[in-house]
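Below you'll find the structure, written out as C-alpha cells, and then a few comments.
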Amino acid sequence: MAKKKRKINKRKATRRKEKSGLINYIKKDNKKLNWFVFISCLVVVFIVAAIGSMFTDTGAWYESIKPSISPPNYVFPIVWTILFYFIAVSLYYSWLALNKKKVMIYYGINFILNILWSYLFFTMKNPSFAFIDIIVLWFSIMFLIVFSWKKSETASYLLIPYLLWVSFATILNYLIIA
C-alpha cells in the first residue's frame, strides 16, 4: 500500500514539474499574479513605447541612409511590440523581487535612453549622437540583466531579446555613421 502511494505521489510531482514552467510565469512563489502591478508595468512600458514612436519617422531621410542589411520597415513595430511586452513582464518580476526604488531608477534610466535614441536619430537626424546613446542603452540593458539575475532569473531572461535587438540596432547605427 505504501509503495502504491509513493508511486502516485511521484506521478503527481512529475505532473507538477511539467506544468511548473507555465505556472511559474503566471505565479510568483505560489502567489497569484498581482494584476495591479502587472497592468501598471504594461501601461508604463507602452507609454515609453508611444513616446519613442512619436519621434520615429522612417520617411525619405531614413530611407536614404539605412544600411542594406536593415530589415523591411514593417518588421520594426512588430519586433518592438514583442520586446516591449517582454520588458514589461521583466519589470513586473523585478518589481516583485527587488528593491522598488532601484527598479524605478534603473528601468527609468533605460526608458529615457530608449526614447532619447529615437529623438536623436529620427527627430534630430543625428546618427552620431544616437550611436553614443545606443552604446549607453546597451550597457543599461546589460546592467538590468545582471541587476535582476540574483533575485529573478526570469526578469533577466526576458531582457535578452531586447539586448540582442539593440545589439543589431547598434550595428545598423554604426553602419550609418561609418
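The values are calculated or read from the model by the stated rules, or taken from the named source; none is laboratory data. None of these values were measured; they are calculated from a predicted model. Note: ideal-geometry Cβ built from the backbone for every residue, glycine included; neighbour counts use all protein chains shown.
For the stretch 51-66, indicate whether the set of residues that are touching a Leu at 6+ places or on another chain (Cβ under 8 Å) and of a type in the set (Ser, Thr, Tyr) is non-empty.
No, the stretch 51-66 contains no residue that is touching a Leu at 6+ places or on another chain (Cβ under 8 Å) and of a type in the set (Ser, Thr, Tyr).
Taking the options 114, 173, 110, 126, name whichever one is assigned by TED's automatic domain parsing to the domain that holds residue 86 and touching a Phe, Trp or Tyr at 6+ places or on another chain (Cβ under 6 Å).
173
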